[in-house]
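Colleague: Here it is, the structure, as structure tokens.
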Amino acid sequence: MTEWGVVGVIAALAGLAVTFSGPALKLNAAITRLAVLVEELTDRLAALEGANARQHGELSGRVDELRGQAQAHETRITVLEMGGKKGADV
């Protein structure tokens with residue numbers, strides 16, 4: 001192989017390396033950005049799940065409180081109805 005043949009092969013290999021390194025660097029940058037975004041989304045999701053659990057706990061407590069109040073009202077209504085019937089029968 002002549003000197004110019006070797007130079008041609010080296011030039012072709014350099015061109016091939018440049019051709020593949022450009023997109024590879026862009027791909028690497030895109031993967032890095034995606035990794036950062038996924039990590040940020042994971043953190044936000046964890047925060048939302050925590051807030052959701054707290055709100056469910058608060059709502060559950062409020063539902064239990066209202067259930068107790070409804071039962072107390074039901075008892076009072078039953079007593080009043082029974083008292084009204086006894087008074088009418090006498």
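Colleague: If I model a spin label at Arg54 and Phe20 as a point 7 Å from the Cα along the Cα→Cβ vector, what separation in nanometres do I get?
Modeller: Distance between label points: 5.2 nm.
Colleague: Say each of Leu41 and Val9 gets a label point 7 Å from the Cα, pointing the same way as Cα to Cβ; how far apart are those two points in nm?
Modeller: Placing both labels 7 Å along Cα→Cβ, they lie 4.8 nm apart.
Colleague: Additional query: Provide the per-residue ³J(HN,Hα) series for the stretch 36-43, in order, calculated from phi with Karplus coefficients 6.51, -1.76, 1.60 and θ = phi - 60°, each as a whole number of Hz, with x at glycine and proline positions.
Modeller: 3J(HN,Hα) across the stretch 36-43, in whole Hz: 5, 5, 5, 5, 5, 5, 5, 5.
Colleague: Okay, moving on. Between (i) -0.70, -0.80, -1.31; (ii) -0.91, -0.94, -1.06; (iii) -0.73, -0.81, -1.17, which matches log10 I(q)/I(0) by the Debye sum over Cα atoms at q = 0.17, 0.18, 0.23 Å⁻¹ calculated for the structure shown?
Modeller: Label of the calculated value: (ii).
Colleague: Starting from the Cα-Cα distance between Ala70 and Ala29, subtract it from 0.36 nm times their residue separation and give me the gain in nm to one decimal.
Modeller: Extra length available between Ala70 and Ala29 comes to 8.7 nm.
Colleague: In whole Hz and in residue order, list the ³J(HN,Hα) couplings for the stretch 68-79 that follow from phi through the Karplus curve 6.51 cos²θ - 1.76 cosθ + 1.60, θ = phi - 60°; x for Gly and Pro.
Modeller: Result, rounded to whole Hz: x, 5, 5, 5, 5, 5, 4, 5, 4, 5, 4, 5.
Taken together, the values in this text are just the output of simple stated rules run on the coordinates, not laboratory data. The model shown is predicted, which means the values in this text are computed figures rather than measured ones. Neighbour counts run over all protein chains shown; Cβ positions are idealised from the backbone, glycine included.
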